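Values in this text are rule-based calculations from the coordinates and carry no lab data. Predicted model only: the values in this text are computed from it and were never measured. Because the Cβ atoms are built from the backbone with ideal geometry, glycine has one as well, and the counts that use them run over all protein chains shown.
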Amino acid sequence: MKQSHLFTKTKKEVPKDEASKNAQLLIKAGFIYKEMAGVYAYLPLGLRVLEKIKQIVREEMDAIGGQEFIMTAIQRKELWEKTDRWSDDNVDVWFKSALKNGTEIGFGWSHEEPITDLMKQYLTSYRDLPTYVYQFQTKLRNELRAKSGIMRGREFIMKDMYSYSLNAEQHQTFYDAVIEAYLKVFARVGLGDDTYVTFATGGAFTQFSHEFQTITDAGEDVIYVNREKHIAINEEVLSDTVLKELGVTKDELEKVKTAEVGNIFNFGTVKCEQLGLSIVGAEGQSVPVHLGSYGIGITRLMGVIVEHFSDEKGIIWPNEVAPFQVHLVSLCKESEDVAKADALYKQLQTAGVEVLYDDRDARPGEKFADSDLIGIPLRIVISPRSLENNQVEFKYRQSGEETHIFYTDVLTAIQ
């Protein structure tokens, strides 16, 4: 991509009502556009990051047997009434409307009910289990507060997976596999060292759950952690009983602020019984199905990454989720030098390197400031001065390290 052709541009100002660092940086760097509080559009740079995160999640979900599909956002009222989750007294984040014929509908904030109803058409025998499906979908939640940028949105992208198992043992095996898969996801996006599996309340889902909480001052949750034992407990469920069950004392725990980046719930057989999903067992008997639900907020995760990896100059993207691998910045003016910059860009493109080429007619200071703000891991500067020695400058965004590489060795150095 040539930066002169890039749809979005960097900005110096952000909306006056935007207080969160993640949204401020993403808006200034041209990754997102704020439609209203809690509602953001994802521009070309932002979409590239989201797709990188989704692909990491997709690979780890596929590795444990997940199959991807996508459900509808429009929800039938009667399904949610069966589980007592249509009532605003029980679930207070619904967006609801009505069709022109008067039929009441809701817009999906989660998908346990419709997916379980769908499964009644496909799961009939014990031979059909276990089954694991997942989707990436835009969820809508009528949040009272939406003040943390893309970390708490009224409209956001979620990966939600659902497991259907024959018995508690089969369910637990997969539940444990999801925990390991989630930890791999968070490690791959760069958050592994500060993300904890956390014992928590299930809210509108179940009595208890496990959350995946990342330590960050921008978070809205408080947990207690033992870093050595890698144990974490949400403040909401901290009690003597829970401490005893986990084998720790409160004195061993450190209080920290965190952001929830994932959660998993065990519904047992209750949800399937409410919705009439059962299968025929090996001896011809009716067997209730065990349901598990597993979520990762894709857009929220992007926001947490920005909060975690940024400085006073801008964003510092980890390699696996960066919109591009290389930011090629040309300071060349003379036609001969420009031709060398163009040739290097084409060489990188041909080799499959994801490169953003700053070919704009702009001052060096402006180009460097934009490069720092956008946060691509490696900046290559090609200038008349460097070309005098047949070299280019490599600068790494995270470490700030600078080095000079011969023009003919650039591709080898990157590889």
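Between Q347 and K11, the modelled label-to-label distance comes to 3.8 nm, taking each label 7 Å out from Cα in the direction of the beta carbon.
Between D176 and I105, the modelled labels are 4.3 nm apart [label points 7 Å from Cα along Cα→Cβ]. The H on the amide N of V39, modeled in the peptide plane, is under 5 Å from the matching H of R154, each at least 5 residues off or on a different chain. For the pair K250 and A168, the difference between a 0.36 nm per residue extended length and the Cα-Cα distance amounts to 26.4 nm.
Whole-Hz Karplus values for segment 109-121 come out as 9, 7, 9, 4, 5, x, 5, 5, 5, 4, 5, 4, 7 Hz, taken residue by residue from phi with 6.51 cos²θ - 1.76 cosθ + 1.60 and θ = phi - 60°; glycine and proline positions read x. Here segment 219-309 is treated as an ellipsoid with the same Cα gyration tensor; its semi-axes, largest first and in whole Å, are 35, 21, 10.
Site pair E354 and R227 shows an inter-label distance of 3.1 nm when each label is modelled 7 Å from Cα along Cα→Cβ. For log10 I(q)/I(0) by the Debye sum over Cα atoms at q = 0.07 Å⁻¹, the candidate list reads (1) -0.30; (2) -0.41; (3) -0.37; the entry that matches the value derived from this model is (2).
Tell me, what is the Rg over Rh of segment 128-265, with Rh the Kirkwood radius over Cα pairs?
0.97
Cβ-Cβ distance of S286 and A63, R₀ of 35 Å, FRET efficiency by 1/(1 + (r/R0)^6): the value works out to about 0.60. Here the scattering of segment 58-189 is modelled by Debye summation over its C-alpha atoms, one equal scatterer each and no solvent; at q = 0.14, 0.23 Å⁻¹ the log10 of I(q)/I(0) is -0.78, -1.39. For the chain, the 222 nm mean residue ellipticity estimated from helices alone, with every DSSP H stretch of n ≥ 4 adding -39500 (n - 2.57) and the total spread over all residues, rounds to -9000 deg cm²/dmol. Computed 3J(HN,Hα) for segment 170-186, one whole-Hz value per residue from the Karplus formula 6.51 cos²θ - 1.76 cosθ + 1.60 where θ = phi - 60°, is 5, 4, 5, 4, 6, 3, 5, 5, 5, 4, 5, 5, 5, 4, 5, 4, 5, glycine and proline marked x. Placing a label point 7 Å from the Cα of S97 along the Cα-to-Cβ direction, the residues of segment 118-143 with a backbone N closer than 20 Å are 137-143.
Taking one quarter of the surface of the convex hull spanned by the alpha-carbon atoms of segment 234-390 gives a direction-averaged projected area of 18.6 nm². Taking θ as phi - 60° and the Karplus parameters 6.51, -1.76 and 1.60, the scalar couplings of segment 331-343 work out to 10, 7, 10, 6, 4, 5, 5, 4, 4, 5, 5, 4, 5 Hz in sequence order, x denoting glycine and proline.
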